[in-house]
Amino acid sequence: MPTPDIPATCRTHLEFMQWADALMLAAVAEHMPGEIGTLRHIYLAELVWFGRVQGQAGLMLGHLDAPADIGALQEVWPRVHRDWLDWAAALTDWDTIIPHLNLKGEEFRMPAWQIVLHLVNHGSFHRGQVAAMLRAAGHTPPATDLILYYRQTG
């Protein structure tokens, strides 16, 4: 079995994250615009981790201001996605160690590729929660499975 191409895999997964976030954001904006707490969390996590890969090891969710409403979230989130994709396009060493603190203030050091895959996985988990909320409110959530992204982008 061939070894995966880490840079291409990480870049593809960041593109998937952008695609899936946009689908879920549009669904929430249409059906439940007042229920953005979980989407805010996903957005802030993406912003925190971006700050960390930029050298802000101690950046935490509580250091950032959350978008006030769905309109503000729709305005700012695309820029975070562009920042991630631009960073990934420029990164040459995916084994670069990213120091960061966890919620307890403990220091960790992980390679950039693990941070990216964690970030994408984190968003998938929480988008699943948002999908459940939409379904509970009587709405059909968008399908944001990774396999669908692969099939659509070929």
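The values are calculated or read from the model by the stated rules, or taken from the named source; none is laboratory data. This is a predicted model, so every value here is computed, not measured. Counting neighbours? That spans all protein chains shown, and the Cβs are built from the backbone with ideal geometry, glycine included.
At-a-glance table
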item	result
Pick from segment 105-132, criterion without any contact (Cβ under 8 Å) to a residue 60 or more places away in the chain and out of contact with any strand residue (DSSP E or B) (no Cβ under 9 Å at 6 or more places or on another chain), ranking: surrounded by the most Cβ atoms within 10 Å (Cβ to Cβ)	Gly128
Residue check for Trp94: of a type outside the set (D, E, K, R) and in contact with an Asp or Glu (Cβ under 7 Å, 6 or more places away or on another chain)	no
Asp93 vs. criteria within 28 Å of Thr9 (Cβ to Cβ), touching a Phe, Trp or Tyr at 6+ places or on another chain (Cβ under 7 Å) and of a type in the set (D, E, K, R)	no
Checklist (1) at pLDDT 95 or above; (2) polar (S, T, N, Q); (3) over 24 Å from Ala22 (Cα atoms); (4) loosely packed, with under 13 Cβ neighbours inside 10 Å applied to Asn102, failing item	(1)
Sole exception among (1) farther than 24 Å from Ala8 by Cβ; (2) free of Cβ contacts under 8 Å to residues at least 40 places away in the same chain for Leu101, by number	(2)
Test for Pro67: is it modelled with pLDDT of 95 or more, more than 15 Å from the chain's Cα centre (by Cα) and not small (Gly, Ala, Ser)	yes
Residue in segment 50-64 that is over 30 Å from Ala27 (Cα atoms) and within 17 Å of the chain's Cα centre (by Cα) present	yes
Any hit, segment 30-37, residues being among the hydrophobic types (A, V, I, L, M, F, W, C), modelled with pLDDT under 95 and surrounded by 16 or more Cβ atoms within 10 Å (Cβ to Cβ)	no
Cross-chain or 6+ apart pairs with Cβ under 7 Å, segment 44-58 first and touching a residue at least 24 places away in the same chain (Cβ under 8 Å), then part of a loop (DSSP other than H, G, I, E, B)	Leu47/Leu64; Arg52/Leu59
Positions within segment 121-154 being of a type in the set (S, T, N, Q) and more than 19 Å from the chain's Cα centre (by Cα), in sequence order	Thr140, Gln152
